[in-house]
1. Determine which member of the set 94, 86, 101, 65 is modelled with pLDDT under 95 and of a type in the set (A, V, I, L, M).
2. Given 68, 55, which one is in contact with a strand residue (DSSP E or B) (Cβ under 8 Å, 6 or more places away or on another chain), without any contact (Cβ under 8 Å) to a residue 40 or more places away in the chain, of a type in the set (Phe, Trp, Tyr) and assigned to a strand (DSSP E or B)?
3. Any residue in the range 211-238 that's at negative phi: show its pairings with residues that are assigned to a loop (DSSP other than H, G, I, E, B) and open to solvent by 40 Å² or more (accessible area, probe 1.4 Å) at Cβ separation under 6 Å, as long as the two are six or more apart or on different chains.
4. For the range 77-174, list the helices (runs of 4 or more DSSP H) that sit wholly inside it and hold at least 1 residues that are aliphatic (A, V, I, L, M) and surrounded by 22 or more Cβ atoms within 10 Å (Cβ to Cβ); which are they?
5. Counting only residues that are outside any strand (DSSP E or B), within 17 Å of residue 90 (Cα to Cα) and in contact with a Gly (Cβ under 8 Å, 6 or more places away or on another chain), how many does the range 4-43 have?
Amino acid sequence: MTEALFHTDAYLREFEASVAAVDGATVALDRTAFFPGGGGQPHDLGTLSAGGAVWRVVKVRRDGAQLWHELEGAEPPPVGSRVTGALDWERRHALMRTHTALHVLCGVIYRDFGASVTGSNMTPLAARMDFELDSMSADFAERVEASANAEVAADRAVVVSFMERDAADRNPELIRTKINLLPPCIRKVRVLDIRGLDMQADGGTHVSSTAEVGRIKVVGHESKGRINKRLRIEVADA
């Protein structure tokens, strides 16, 4: 089992770990700060190093309870090796800002229009989110952008906690997606709470305050079906 350090400290940039398993050019660690991807957020990039050797981490994936790191470079470190992991922090922090921006967007649209999310995807400082809406206009997009940036400016705290699965299942407000994507095997649910705006189950990484997002720009809107509408955003410095 890999300890997911990013679940409790999204700002951890470097960490020490042991190699638990090796499969070709891929290693599983006993603990890691590398996010494996999920919920529309891409996996992290960075490096592992040991004894003067450095390996680029080019892909991270989850397989059951283990997180595997695909390495580029020389022969991977053997089982039992102590390694130092270092994230591509500029990219990770951009993704944290972007993911939090999507939660702000989701919170505003759920609060003001009662619409569920039907899909999302992101790259550093750019993203799209789909909603169960029958119509969307330029005026709607402008209104949502203004409301979202008001929430960013409010400097709302972004807090992570954990909840037993039974308690989470009794709170339908924790699922803002049209389909509940929580696997049945998850017995302790990670909850993201943008205080006073958005509270939902989420396994990704986020900044600690909405003010750290910067500024949200709605750069496009389109129809993806009769009751499926898409907003595209970019995240800029304040």
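1. 65
2. The match here is 55.
3. 211/155; 215/238; 227/132; 227/134; 230/224; 235/125
4. Where helices (runs of 4 or more DSSP H) fall fully within the range 77-174 and carry at least 1 residues being aliphatic (A, V, I, L, M) and surrounded by 22 or more Cβ atoms within 10 Å (Cβ to Cβ), they are 89-113, 138-153.
5. The number of residues fulfilling the criteria is 4.
Each row is one residue, and each column tells you yes or no for (1) over 17 Å from residue 193 (Cβ atoms); (2) of a type in the set (D, E, K, R).
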| residue | (1), (2) |
| --- | --- |
| 78 | yes, no |
| 82 | yes, yes |
| 90 | yes, yes |
| 97 | yes, yes |
| 101 | no, no |
| 106 | no, no |
| 115 | yes, no |
| 120 | yes, no |
| 124 | yes, no |
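Yes/no per residue for (1) within 17 Å of residue 106 (Cβ to Cβ); (2) surrounded by 14 or more Cβ atoms within 10 Å (Cβ to Cβ); (3) at pLDDT below 90:
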{"residue": "210", "(1), (2), (3)": "yes, yes, no"}
{"residue": "214", "(1), (2), (3)": "no, yes, no"}
{"residue": "221", "(1), (2), (3)": "yes, yes, no"}
{"residue": "230", "(1), (2), (3)": "yes, yes, no"}
{"residue": "234", "(1), (2), (3)": "yes, yes, no"}
{"residue": "237", "(1), (2), (3)": "no, no, no"}
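To keep it simple, each residue is scored yes or no on (1) at pLDDT 90 or above; (2) assigned to a strand (DSSP E or B).
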residue: 182; (1), (2): no, no
residue: 192; (1), (2): yes, yes
residue: 205; (1), (2): yes, no
residue: 226; (1), (2): no, no
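The values are calculated or read from the model by the stated rules, or taken from the named source; none is laboratory data. The model shown is predicted, which means the values in this text are computed figures rather than measured ones. Cβ sites come from the backbone with ideal geometry, for glycine too, and all protein chains shown count toward neighbours. Note: areas computed on protein heavy atoms with side chains; ligands, DNA, RNA excluded. Shrake-Rupley method; radii C 1.70, N 1.55, O 1.52, S 1.80 Å.
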